[in-house]
1. Given the condition of a type in the set (Lys, Arg), out of contact with any Lys or Arg (no Cβ under 6 Å at 6 or more places or on another chain), over 25 Å from residue 150 (Cβ atoms) and assigned to a strand (DSSP E or B), answer yes or no: does some residue in the stretch 15-25 qualify?
2. Looking only at the stretch 34-48, count how many residues are more than 19 Å from residue 198 (Cβ to Cβ) and at pLDDT below 90.
3. Could you tell me which residue of the stretch 77-96 is surrounded by the fewest Cβ atoms within 10 Å (Cβ to Cβ), considering only residues that are under 25 Å from residue 32 (Cα atoms) and of a type in the set (A, V, I, L, M, F, W, C)?
4. In the stretch 71-98, what residues are small (Gly, Ala, Ser), over 16 Å from residue 152 (Cα atoms) and assigned to a strand (DSSP E or B)?
5. Take residue 101 and tell me if it is modelled with pLDDT of 95 or more, surrounded by fewer than 17 Cβ atoms within 10 Å (Cβ to Cβ), assigned to a loop (DSSP other than H, G, I, E, B) and among the β-branched types (Val, Ile, Thr).
6. So residue 37 fits all but one of (1) surrounded by 17 or more Cβ atoms within 10 Å (Cβ to Cβ); (2) farther than 19 Å from residue 222 by Cα; (3) polar (S, T, N, Q); what number is the exception?
Amino acid sequence: MAIQIQGNEGNIAQVRGTNYRGIAVERVPIDHGSLGQYRLAMATGIIGAALAANGELFQFRWTDATRLAAVYKVSVSGGANVAATAAGLVTLDLTIARSFTGVGSGGATATLTGNNQKVRTSHGTTLLGEARIATTAALGAGTKTLDSHAIGNYSIGIGTGAITTANRLTLFDRVGLLDADGEGQHPIILAQNEGLVVKNGATAWPATMTWNLGITVIWAELTAY
């Protein structure tokens, strides 16, 4: 007996192929309703040598009282422009911030007005409270409580030779949509005064090495989730 699958607008599901006749499935973005979808890419200046342990490099702060941010992805790429004098193992951590009631200090902030960061002009102006990135030194922390452990990290060995290629460092892969293996994953959902921080791990970066970092965030803004 044939079984039909009908969507909420009356459309009937279709199948593809002549042998296995698998059902046709289309992957779509999270339904943002009347709000929108956004991408932000920021780059540091030249970070000074020997960045201290737990130095904050990027802050993403959500302040809206009634809407939510669903973060799909945070990715980092970086490379040194002056080589280290001694090899070492260093880590970048992605950590959730709670009670993020006071902005950080230093660095540079993103311009979030008008059409900035929209992936489609008809989407609403982003409700993001602030995004801040380091320029030459770690950011001031602001007022917040970081979780005890990171939710993503990347560890990399630093050598003493000249570094001529960047390393792509993925801290948090896109989640929340239908995956290729059919396993749905949950995005990071930020409510008022919550946020994300990319920071140095528990080990200082090598002496003399100066470097640059680029960070990209992809998120949707929702009335409910």
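The values are calculated or read from the model by the stated rules, or taken from the named source; none is laboratory data. None of the values given here were measured: they were computed from a predicted structure. Neighbour counts run over all protein chains shown; Cβ positions are idealised from the backbone, glycine included.
1. Checked the stretch 15-25: at least one residue is of a type in the set (Lys, Arg), out of contact with any Lys or Arg (no Cβ under 6 Å at 6 or more places or on another chain), over 25 Å from residue 150 (Cβ atoms) and assigned to a strand (DSSP E or B).
2. Matching residues across the stretch 34-48 total 0.
3. Applying the filter and picking the extreme gives 96.
4. Listed by number, the residues that qualify are 78, 79, 80, 88.
5. no
6. Residue 37 satisfies all of (1) surrounded by 17 or more Cβ atoms within 10 Å (Cβ to Cβ); (2) farther than 19 Å from residue 222 by Cα; (3) polar (S, T, N, Q) except (2).
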